[in-house]
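Structure, as structure tokens:
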Amino acid sequence: MIQVAPSMLAADFLHLEKDVELVNRCGDIFHLDIMDGSFVPNISYGFPVVHAIAGAAERPMDAHLMIVNPGKYLERFAAEGVSMLSFHLEAAGEDTEELLGRVRSLGMKAGLAINPDVPVENLFPYLGSLDYVLIMSVFAGFGGQKFIEGTLDRIRTVKREIRRRKLNVLIEVDGGIGPNNAPALSEAGADILVAGSSVFKAPDPDEAIRYIRVP
Ligand code: DX5
Ligand code: ZN
């Protein structure tokens, strides 16, 4: 079964508790987008917001770091109770292997994210050292963008490699996802679907989550 990870970037920050309760009630995972204005041309939110969500979250928290120098803050996210943490291959470069090891040694599941212009084959050398990959289906930086169709083939390619090597690696997909494309994503091999606008801007967010989970 698909797991739905509502992206809190699209939540109502003036009434955050209401949206945290929605995820506790209907979602599977809290997706926390951390942007620094350098790796991506946008700034989202930081530790005070993560801390507030952590205080009320009854589901696992998944931090998606869109920041340069991701190694700098791993301990802080672990201390907040984050249980899944991904950083971008483009940001980590040759430190990727070491950082994945550090994420795991802090007790978190280690994820590696890539933007749509990075060949998915670049993930392959790390598949044995991580718990999940985060395949971006829009360019990291903003919510509410249009899903890039070519993502489906990228998911299939990674899924094939995971199966061939009999690895226990999940595929998370992020950007422009909603009930309309969830069935195709699930069929292509996605395990976790991140959804921001299609959940929090829906007239009935509970129903939107259910439709994404059960295509
Ligand atoms: C984009 C973020 C996404 C974003 C998804 O950089 O990583 O998690 O919030 O939002 P939607 O679902 O609106 O595309
Ligand atoms: Zn994200």
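At-a-glance table
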item: Neighbour-limited loop hits for trypsin sites (Lys or Arg not before Pro), the stretch 130-215 (at most 14 other Cβ within 10 Å; DSSP other than H, G, I, E, B); result: 146, 165, 166, 201
item: Fluctuation leader among 178, 144, 55 - the chain, Gaussian network, Cα springs under 10 angstrom; result: 55
item: Net +/- balance of residues flanking residue 179 in space, Cβ distance below 12 Å, scoring K and R +1, D and E -1; result: 0
item: Long pairs among 72/109; 109/166; 72/159, criterion Cα-Cα beyond 22 Å; result: 72/159
item: Neighbourhood charge, 9 Å Cβ-Cβ cut-off, centred on residue 189 and excluding it, Lys, Arg +1 and Asp, Glu -1; result: +2
item: Antiparallel bridge percentage (DSSP; both residues within the chain; nearest 5); result: 5 percent
item: Whole-Å distance, taken between Cα centres, linking the stretch 26-87 and the stretch 111-187; result: 19 Å
item: GluC sites (Glu not before Pro) restricted to the stretch 1-69 and DSSP loop, no more than 14 other C-beta within 10 Å; result: 58
item: Choice from 67, 148, 192 showing the highest fluctuation, given a GNM over the chain with Cα pairs closer than 10 Å; result: 148
item: Summed residue charge, Cβ within 13 Å of residue 67's Cβ, Lys/Arg positive, Asp/Glu negative; result: -1
item: Cα-centred dipole magnitude for the chain, charges only on beta-carbon of K, R (+1) and D, E (-1), debye, nearest 20; result: 560 debye
item: Qualifying lysines (Cα of each under 19 Å from Cα of residue 146; at least 8 residues distant if same chain); result: 201
item: Cleavage-rule hits, GluC sites (Glu not before Pro), the stretch 96-153, DSSP coil, Cβ neighbours within 10 Å at most 13; result: 149
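Throughout, read-outs are computed from the coordinates displayed, never taken from laboratory work. For clarity, every value in this text was computed on a predicted model and none was experimentally measured. Cβ sites come from the backbone with ideal geometry, for glycine too, and all protein chains shown count toward neighbours.
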